[in-house]
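Every number in this text was worked out from the coordinates using simple rules, so none of it is lab data. No experiment lies behind these values; they were computed from the predicted model shown. Using ideal geometry, Cβ is built from the backbone for each residue, glycine included, and neighbour counts are taken over all protein chains shown.
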Amino acid sequence: MTAIDAGPTGALRVAPSILAADFGELAQAVRAIDAQTDWLHVDVMDGHFVPNVSIGPPVVQSLRRYSTRFFDCHLMMSEPARYLEAFSRAGADGCTVHVEVGGTASLISDARALGLRIGLAANPDTAFDRVAPFLGDIDLLLLMTVFPGFGGQSFMGEVMTKVTEARREVDANALALDIEVDGGIDVVTAPIAVEAGANVLVAGSAIFASPVPLDAARELHEAASAVRR
Ligand code: DX5
Ligand code: ZN
């Protein structure tokens, strides 16, 4: 399957997280927000790396029929190496693995061999030093603004120090790297994250738990664009 282009690196993007959508009508939920979706964020939880279980490749494969957006798959898994190929076949365009699980260099090369865009994620309490050595080899750095596992948690403002640090590194070395934040992003926190240096905003509850998800996604875009440097 040919991967969908992610678009220009560094551009401001809203990535709705389907974790907060009604899984009983997922296709409809994804279609309803399509006009305000830059990337579609797919949260994969294995019940081991995080204390929750969500969805896997079959759902990605089904959704692929309903969306032509870039599928940004966030693998909250202890053993992502075992599943990269399945996600790629199912229609994932990018896969993000957590630095905490180790084996990062080999995961990066596996993902590249499959033609995937590769992201590296760090939990709120993981130091920037852990991801810094890989910045030149990845396409996206995901700095979690909540502890992964559940939607609807509160944004952790203290992570912004790390976002600023990452943005400084990226700009100083002219790296082609997106900086994504995930967790508790809404119209109030999105501008804070963008000010700090993030350019991809994942939002679940702020979009899907709102009465009109399409409007909520648009408002998020607008709030973030207003502070975009
Ligand atoms: C958390 C997931 C997030 C989550 C965000 O483990 O990685 O993508 O869906 O949800 P909200 O926006 O509700 O915090
Ligand atoms: Zn996520």
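Each label point is 7 Å from the Cα along the Cα-to-Cβ direction; what then is the distance between the points at residue 187 and residue 27, in nm?
3.3
Please list 104-116, 173-185, 202-214 highest first by mean number of surrounding beta-carbon atoms within 10 Å per residue.
173-185, 202-214, 104-116
Suppose every Lys and Arg Cβ carries +1 and every Asp and Glu Cβ carries -1, with no other charges. What dipole size does the stretch 130-199 come out with about its Cα centre, to the nearest 20 debye? Present the calculation step by step, with values, prior to reporting the outcome.
On the way: 4 positive and 11 negative charges, 33 e Å.
It comes to approximately 160 debye.
Which distance in nm do the two modelled labels at residue 52 and residue 176 give, with both placed 7 Å along the Cα-to-Cβ direction?
Taking the two extended label points, one gets 3.4 nm.
With Rg and the Kirkwood Rh both taken from Cα atoms, where does Rg over Rh land for the chain?
0.92
From the helices alone, meaning DSSP H stretches of at least four residues, give me the mean residue ellipticity at 222 nm for the chain, per-run term -39500 (n - 2.57), in deg cm²/dmol to the nearest 500.
Rounded to the nearest 500, the figure is -9000 deg cm²/dmol.
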